[in-house]
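Here's the structure, in structure tokens; my notes come after.
The values are calculated or read from the model by the stated rules, or taken from the named source; none is laboratory data. Please read all numbers here as calculations on a predicted model, not as lab measurements. Please note: Cβ atoms are built from the backbone with ideal geometry, for glycine as well, and neighbour counts cover all protein chains shown. For accessibility, only protein heavy atoms count, side chains too; no ligands or nucleic acids. Shrake-Rupley method; radii C 1.70, N 1.55, O 1.52, S 1.80 Å.
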Amino acid sequence: MRLQQKTALITGGSLGIGRAIAIRFAQEGAKVAISGRGKPALEEAAAMIRDIGGEALIFESDVQDRAQVNKMVDGILERWDRIDVLVHNAGINSPVPFLDMTEEEWDRHIDINLKGAFLVSQRVCREMADRKHHGSVIFISSVNGLAAEANLAHYNASKGGMNLLAMSMAVELAPLGIRVNSLCPGFIETRLTKPVIDNGPLIRDYLRTIPMGRVGQPEEVADAALFLASDESRYMTGHCMVIDGGQLIKLS
Ligand SMILES: NC(=O)c1ccc[n+]([C@@H]2O[C@H](COP(=O)([O-])OP(=O)(O)OC[C@H]3O[C@@H](n4cnc5c(N)ncnc54)[C@H](O)[C@@H]3O)[C@@H](O)[C@H]2O)c1
């Protein structure tokens, strides 16, 4: 078991990629706290974790609200007294052309995807530092943080910012034994991408951009997150790990 005795917080752990990570970590012995919007999805994910013998805490908590973030972290510390691994995965993505993008849509993406990463990771890292606990922080970013996709200026900017935030934290927190890396998935099959996957002609065209010729699964991202959470990646920090079936390296 690669995460025995460890506790992990996975934001957005109620669905999709976050839920797959929570389940994978529980399989490896971690106690997992998951947060997200909507109690039913959180309870369902917790039940899946308990079904495989894991321990789960749930928090209905909005990552862009400092008071809710503090309440969530306090709740975890009260119960387990430590957080060894943070996976900041909560995020949104609603496409709109740049020229039509409203200030509200811009703010919503930056606040949830980027400011949320700042608020959650600052609080968790402060606890790790005060308690002199070594830890691993993983941001679920995106290939959109490394290259631009049309109609996603707000999302691209938020994920690019997240990658630089991870590097900045990695530089400052390395002396404290805290590692910070980001994972940049390509096209992964979740609720977020289902409308494209269910559209035959659209998905056929899209798959031509991926050398491996298929979409990724949340469990494949979870395996990469497990590597970054575990001691196997102990000399890695400030790294941006791409998991995209080769999409980003293809010129045409
Ligand atoms: N699916 C993909 O193809 C893909 C690719 C690259 C990156 N990502 C990133 O992976 C992450 C998860 O995506 P997914 O496809 O699993 O999405 P999803 O919609 O299935 O799950 C999103 C999770 O985030 C939570 N969430 C949303 N807003 C929140 C908020 N304000 N506060 C707290 N929690 C909130 C939801 O409750 C849910 O648990 C996102 O950050 C996304 O940008 C996804």
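See the values below:
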{"quantity": "Selected residue [in contact (Cβ under 8 Å) with a residue 12 or more places away in the chain, assigned to a loop (DSSP other than H, G, I, E, B) and over 22 Å from R131 (Cα atoms)] from Q64, Q4", "calculated": "Q64"}
{"quantity": "All positions within the stretch 67-109 that are of a type in the set (A, V, I, L, M, F, W, C), closer than 18 Å to G160 by Cβ and either assigned to a helix (DSSP H, G or I) or free of Cβ contacts under 8 Å to residues at least 12 places away in the same chain (or both)", "calculated": "F98, W106"}
{"quantity": "Flag if I58 is among the hydrophobic types (A, V, I, L, M, F, W, C), within 13 Å of the ligand (Cβ to nearest atom), part of a helix (DSSP H, G or I) and open to solvent by 20 Å² or more (accessible area, probe 1.4 Å)", "calculated": "no"}
{"quantity": "Among the residues listed as M162, M128, M212, M169, the single one being open to solvent by 10 Å² or more (accessible area, probe 1.4 Å) and under 29 Å from V73 (Cα atoms)", "calculated": "M169"}
{"quantity": "Residue match in the stretch 160-170 (condition: near the ligand (Cβ under 10 Å from one of its atoms) and touching a helix residue (DSSP H, G or I) at 6+ places or on another chain (Cβ under 6 Å))", "calculated": "yes"}
{"quantity": "Scope the stretch 5-25; condition open to solvent by less than 10 Å² (accessible area, probe 1.4 Å) and more than 14 Å from the ligand (Cβ to nearest atom); matching residues", "calculated": "T7, A8, F25"}
{"quantity": "Residue count for the stretch 83-107, restricted to those that are more than 9 Å from the ligand (Cβ to nearest atom), farther than 20 Å from V171 by Cα and of a type outside the set (D, E)", "calculated": "10"}
{"quantity": "Identity of the residue in the stretch 172-209, in contact with a strand residue (DSSP E or B) (Cβ under 9 Å, 6 or more places away or on another chain) and within 14 Å of the ligand (Cβ to nearest atom), that ends up most open to solvent (accessible area, probe 1.4 Å)", "calculated": "E189"}
{"quantity": "Of the criteria (1) in contact with a strand residue (DSSP E or B) (Cβ under 9 Å, 6 or more places away or on another chain); (2) under 29 Å from N156 (Cα atoms); (3) more than 12 Å from the ligand (Cβ to nearest atom); (4) not in a strand (DSSP E or B), which one E43 fails", "calculated": "(2)"}
{"quantity": "Pair list, Cβ under 6 Å, 6 or more apart: the stretch 218-241 residue farther than 16 Å from L3 by Cβ and at pLDDT 95 or above, other residue of a type outside the set (A, V, I, L, M) and more than 16 Å from the ligand (Cβ to nearest atom)", "calculated": "T237/R179"}
{"quantity": "Unique match (being out of contact with any strand residue (DSSP E or B) (no Cβ under 9 Å at 6 or more places or on another chain), open to solvent by less than 20 Å² (accessible area, probe 1.4 Å) and not polar (S, T, N, Q)) among H154, H88", "calculated": "H154"}
